[in-house]
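Reading through the structure tokens given below for one structure.
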Amino acid sequence: MTSKIKSCIIIFIFFFNYNISCLVVNVKNQNGGIIKEIINANITDDTITVELQLLDSTLITQHIDFTKEVQIVQVLLLGEEERGQKPYQILCFVNHIHANEFISPDAMAKLRQKNPGTIRVAEENKGAFNVTIDMKIKLKDSSYISQHVGSLCSEASDTTFTSKIDIDKWALVPGMYLGNLLQTVEYINYKASKSNLKLCRDTGKVWSQCLCTMEVSIPWYPCALKFCKDHIGKKSTVVESYRCGIQTCAKSMNFMYSVKHKQLCLSIE
């Protein structure tokens, strides 16, 4: 995380004039732990990226492509090599997001780093969103969804997921077409009916097919602009609105998808 903070500072100093800005924020999560978030806004790409490292060293990256209305959540989980697992595994969850769920990259770029040592707590908790996954994304065609899927999820060729519901929502976005989007995905087709599957945590048999859940929490992010009202002049009765800060939110996303057997279900501790 230290190297990421340093790179954030370098970006902020050298590239701010090129429409890229960066903030480092200390945040209290729902369990009372303190973590650092790095938030990058790129006006040119019309994107915002939130990066955080959990206390168990899991890395979470939330990347929002405002033009395509795409949210990419990348989860990097460290493996237990003594149990024969890979050093790390990456999962990507790609979903539709409305542009008004987050402040714009332009507004984000105008924020300034203030009181960097302050511990932030979100003003509003948006609650938990349940997302049922039924499709995998083929990375070679993923640019039809967003050019950023291929770069962020290059190491997750078999674990980049989305849903048919999201595909249908993207088909309504200007410049995105259902035929191209369907070319990008394939259904997760295993033998058992999803309605007959148990949650992996409730399944005793290691090699049984089951439903895996992955909960990802973003404990602090700028979700809206605040506007205050004031009189134009001391004696004026005319009231005008002006931007006077940001509204901050927290949210959790519960991703659910089927796996061939319990050992393939990874979770954040």
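Structural remarks
- Taking amide H atoms as placed 1.01 Å from N in the peptide plane, the amide H of SER258 lies under 5 Å from those of CYS212, each 5 or more residues away in sequence or on another chain.
- GNM flexibility winner over the chain from CYS210, CYS244, CYS22 (Cα, springs under 10 Å): CYS244
- Close amide-amide hydrogen proximity is noted between ILE97 and VAL70, GLN71, each under 5 Å apart and 5 or more residues distant or on a separate chain (H modeled in the peptide plane; Pro and chain starts excluded).
- Cut-off 15 Å between beta-carbons: net charge of the residues surrounding MET253, Lys and Arg +1, Asp and Glu -1: -1
- Helical content alone sets the calculated 222 nm signal of the chain at -3500 deg cm²/dmol, taking -39,500 (n - 2.57) per DSSP H segment of four or more residues and averaging over every residue.
- Added length on full extension, which subtracts the Cα-Cα distance from 0.36 nm per residue, LEU178 to LYS28: 49.9 nm
- When the inverse distances between all different Cα atoms of the stretch 125-199 are averaged and flipped, the Kirkwood radius reads 13.7 angstrom.
- If you wrap the Cα atoms of the stretch 80-133 in a convex hull and average its projected area over all directions, you get 7.7 nm².
- Under 5 Å, built H, 5+ apart or other chain: amide partners of ASN125: ALA250
- Sites TYR187 and GLU240 - FRET efficiency at Förster radius 41 Å, r taken between beta-carbons, to 0.05: 0.20
- Within the stretch 137-175, backbone nitrogen closer than 20 Å to the virtual label 7 Å beyond the Cα of TYR88 toward Cβ: 148-161
- Using all pairs of distinct alpha-carbon atoms, the Kirkwood hydrodynamic radius of the stretch 106-258 works out to 19.6 angstrom.
- Convex hull projection area averaged over all views, the chain, Cα basis, nm²: 18.0
None of the figures in this text is laboratory data; all of them are computed from the coordinates on show. Worth saying up front: this structure is predicted, and the values here are computed from it rather than measured. Neighbour counts run over all protein chains shown; Cβ positions are idealised from the backbone, glycine included.
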